[in-house]
Amino acid sequence: MDEEEGYWYNEDNFPAARAQSLAFADWIEAQRLPLEWLMFDMEMHLEKTRVLEESNDVESVLNTVVTLLKSNLDPERFAQRTADYAGLVDELHERGFKVTAAAYPFVIDDLEDGDSQIQDAWDTPIQGIDWDEIYFMVYRTTFESL
């Protein structure tokens, strides 16, 4: 996705993510390509991610992360976006595609305790969507750079 749109799929850019996903599915079908799987890379908007990269010491990173994640919390909007992505995945399933998500490792906690606060804070709906598979990214080099 274009950088202006957020680069990765997330709570902030569902309309663009939906349009891109359906256009890609249309193209696959028109080209008669034997592709079964679509992958959604679910990560916070690129501009928000860049804010984290600008922090230059541990205290700055922690303060920036806490402030950013708190500002992202919006349970009603998150619930709507989760429903939106669930509908999109269902629509792609109806067209014969399998859909997988790649997600931050932090959201595993939500899957264990049943709430969605971490997903909401990171703008990445995962739980409540009928993914065929979910992958959790390690980000070793990214975390090391922070």
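Here are the numbers for the structure shown:
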quantity: Among residues of segment 129-146, those that are at pLDDT below 95 and assigned to a loop (DSSP other than H, G, I, E, B), counted; calculated: 4
quantity: Near pairs, Cβ below 7 angstrom, 6+ apart or cross-chain, from segment 81-98 (open to solvent by less than 50 Å² (accessible area, probe 1.4 Å)) to any residue that is in a helix (DSSP H, G or I) and among the hydrophobic types (A, V, I, L, M, F, W, C); calculated: Arg81/Phe14; Asp84/Phe14; Tyr85/Phe14; Leu92/Ala25; Phe97/Ala25
quantity: Lone qualifier among Trp131, Trp122, Trp37 - being open to solvent by 70 Å² or more (accessible area, probe 1.4 Å) and touching a strand residue (DSSP E or B) at 6+ places or on another chain (Cβ under 9 Å); calculated: Trp37
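Residues checked against (1) among the hydroxyl-bearing types (Ser, Thr, Tyr); (2) at pLDDT below 95; (3) touching a His at 6+ places or on another chain (Cβ under 6 Å):
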site	(1), (2), (3)
Tyr9	yes, no, no
Ala16	no, no, no
Glu29	no, no, no
Glu43	no, yes, no
Thr49	yes, yes, no
Glu53	no, yes, no
Asn56	no, yes, no
Ser60	yes, yes, no
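The values are calculated or read from the model by the stated rules, or taken from the named source; none is laboratory data. Treat the numbers as computed from the prediction; the structure is a model and nothing was measured. All Cβ positions, even for glycine, are placed from backbone atoms using ideal geometry, and neighbour counts span all protein chains on display. For accessibility, only protein heavy atoms count, side chains too; no ligands or nucleic acids. Shrake-Rupley method; radii C 1.70, N 1.55, O 1.52, S 1.80 Å.
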